[in-house]
1. Could you list, ordered by first residue, the pairs with Cβ atoms under 7 Å in which the first is in segment A:162-186 and without any contact (Cβ under 8 Å) to a residue 24 or more places away in the chain and assigned to a loop (DSSP other than H, G, I, E, B) and the second is of a type in the set (Lys, Arg) and surrounded by 11 or more Cβ atoms within 10 Å (Cβ to Cβ), at least 6 apart or interchain?
2. Which number in (1) in a helix (DSSP H, G or I); (2) touching a Leu at 6+ places or on another chain (Cβ under 8 Å) marks the one condition that B:Gln51 misses?
3. Quick one: which of A:Leu132, A:Leu146 is loosely packed, with under 13 Cβ neighbours inside 10 Å, out of contact with any Cys (no Cβ under 7 Å at 6 or more places or on another chain), hydrophobic (A, V, I, L, M, F, W, C) and in contact (Cβ under 8 Å) with a residue 24 or more places away in the chain?
4. Please state which one of B:Ala68, B:Ala57, B:Ala78 is touching a helix residue (DSSP H, G or I) at 6+ places or on another chain (Cβ under 8 Å) and closer than 30 Å to B:Ala202 by Cβ.
5. Looking at segment B:237-286 only, could you name the residues that are out of contact with any helix residue (DSSP H, G or I) (no Cβ under 7 Å at 6 or more places or on another chain) and among the small types (Gly, Ala, Ser)?
6. How many residues does segment B:134-152 hold that are at pLDDT below 85 and within 14 Å of chain A (Cβ to nearest Cβ)?
7. Based on this model, can you work out whether A:Val43 counts as within 14 Å of another protein chain (Cβ to nearest Cβ), under 28 Å from B:Val297 (Cα atoms), at pLDDT 90 or above and surrounded by 14 or more Cβ atoms within 10 Å (Cβ to Cβ)?
8. Among the residues of segment A:123-134, which ones are within 26 Å of the chain's Cα centre (by Cα) and either aromatic (Phe, Trp, Tyr) or not in a loop (DSSP other than H, G, I, E, B) (or both)?
Amino acid sequence: MSALLQYLLTGIGIGTLYALIAAGFCLTYNTSGIINFAQGEFVMLGGMMAVWLHQFQGLPLAMSMVLAIGLTALAGMAVERLAIRPARGSGMTTLIIITIGVSFILKALVGVVTKDEFQLPALPGPTAVAVLGATITVQTLWILGLGFCIVLALGLFLKYTLLGTTLRAMAEDRQAIRNLGVESQALPILAFGLSAAIGAAAGVLITPLTQMSWLKGTELGLKGFCAAVLGGMGSLPGAVLGGLVIGIAETCGSAVFSGYKEVIAFTLVLVILYTRPQGLLGGRL
Amino acid sequence: MKRLLVLVALMCVPLIVFRGTMSYYLSLMTMTGISAIVAISLNLLLGYTGQISLCHAAFFGLGAYAAAIASVNFGLNAWIGLGLSCLLPAGVALLVGLPTVRLKEHYLAMATLGIGVIVYASLRADPFGATGGPGGIFAIPSLELMGVKIDNDISRHILVAAVLVVVYVLCESLIRSRFGALMQAMHASPKAVSSLGIDLEAAKLKVFVLSAALAGLAGGLYCFCSPLAYINPDDVASVMLSVKFIVMVVIGGSMSLLGGFVGALAVTWLPEILRAASAWVPLANPNDFETVIYGVVLIATLLYAPQGLIKPGGARAHG
């Protein structure tokens, strides 16, 4: 019983991270209508930059984390300006391949600088808390708390602020926004910066938990993408649900089928794509 | 016809030029030819039909493993192995294809990526002790044609070049056929095609299965022509390899089969060129820049020259 609970707790911790990454996909999709295959690289950039600022520049941990998120947001904005905007009007398949190209560049540039694996020191607090015979690490609690705060804040922002509503409207009908007199050049940049920041937040939260390296982004990005598709592309509650389902399925599943951990998330995604392509909580397709 | 001659020339000249101490470059051209078969198969799907596939390395890998398992684990004749290398990926594509081809755009990208990851991870996980896990399969026998063993650089290159030319001719005539026109029409205007009462999904599935079979054939050739007589999941089925195949098609020219070959040439030779360039430009590790260059070239091509290096070919090809 406590073993099962332990798997559940671990799964929820990992799942929250996946949910956060999925929220980044969701934001780009809801505001620009595109799927950013480079989202995982923002996660990696966030983690790696926090390591660089904290361990090599000697900044305090919290400050490094915040700065890393800010710097990654700038990188996200640059990506929109340099690679995405010039391709406006191309087909979706072209945009997908372009974001794959972006992910190559970001990943490999970090790889040129360093191929080592890094880890941030643990976030403050007692090391572990016992829950009904299972233990939950403080890292996981931080991830749960901050992760849900971020997703909640994002949801409220998109739904209840003027800027948030405008961003969502932009994905629906760019021309209508323009007719209303909104200059929409800055908005996609903002949207990309914001989703890069959310990805980076996931990155700085995961780096005290596991090793981060230039190769990690792709793997984490794919998991987040799985979560987003599973929950329903574009739906924030869906992203959270998808992240949790994949996190739990992975930790429990890999206990049963060891060696097939990578297969689990994608099998779930294929099943959902084939039976309910709009995802668990997706409304329309 | 002119393009076919260019292809034949590019595959034959290395046989004369890269002799003796330069035989390494001949084997590189052999690998180029094998990649070109996959690129051409992806041309049909991505370029002409407009369907993205992020799982072509999975079909390539399934082909390679089908051939290796048949000839090593079961001791079957290598030619039977090569036949299976077409049939297994085609069968898998048929199985997963029907639900997959219904999907569009990023859903299709996601589903094919999922297939790619599942195949790669399964090959690594060593199901039924058949694939040898991450280590792969060793001591693969060579093909034999009329008593002559195809076990050296030259004979392997001739085999690959011959298969490449046959594949090229077949695919070229497919594109020029009625079905080829349908493929291109599906890409340009799926609504128009389905309003004519044509079953889009069935047509897409046919292209998907054919493309998978060709990629698998290339995998089978790789299995028997790899100089080390050895395959492993990272070399033949990684997701990165799937993306490399996409890079080949995009930069070469997705709407021309010769473009597939030219793309394969560029991607296969890039590490060599980087190594040569590092003699002039001091770089810590030239191969680090390989992936950066793929990314930059990929984006630059799509933004500034979406047709790729080789312009669309084929009588009916346009748009």
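The values are calculated or read from the model by the stated rules, or taken from the named source; none is laboratory data. Because the structure is predicted, anything quoted here is derived from the model rather than measured. Don't worry about glycine lacking a Cβ; one is built from the backbone with ideal geometry, like all the others, and counts go over all protein chains shown.
1. These pairs meet every condition: A:Ser184/A:Arg174; A:Ser184/A:Arg178.
2. Tallying (1) in a helix (DSSP H, G or I); (2) touching a Leu at 6+ places or on another chain (Cβ under 8 Å), B:Gln51 fails exactly one: (1).
3. Among A:Leu132, A:Leu146, only A:Leu132 is loosely packed, with under 13 Cβ neighbours inside 10 Å, out of contact with any Cys (no Cβ under 7 Å at 6 or more places or on another chain), hydrophobic (A, V, I, L, M, F, W, C) and in contact (Cβ under 8 Å) with a residue 24 or more places away in the chain.
4. Checking each option against the conditions leaves just B:Ala57.
5. Scanning segment B:237-286 gives B:Ser256, B:Ala276, B:Ala277, B:Ser278, B:Ala279, B:Ala284.
6. 0
7. no
8. A:Ala128
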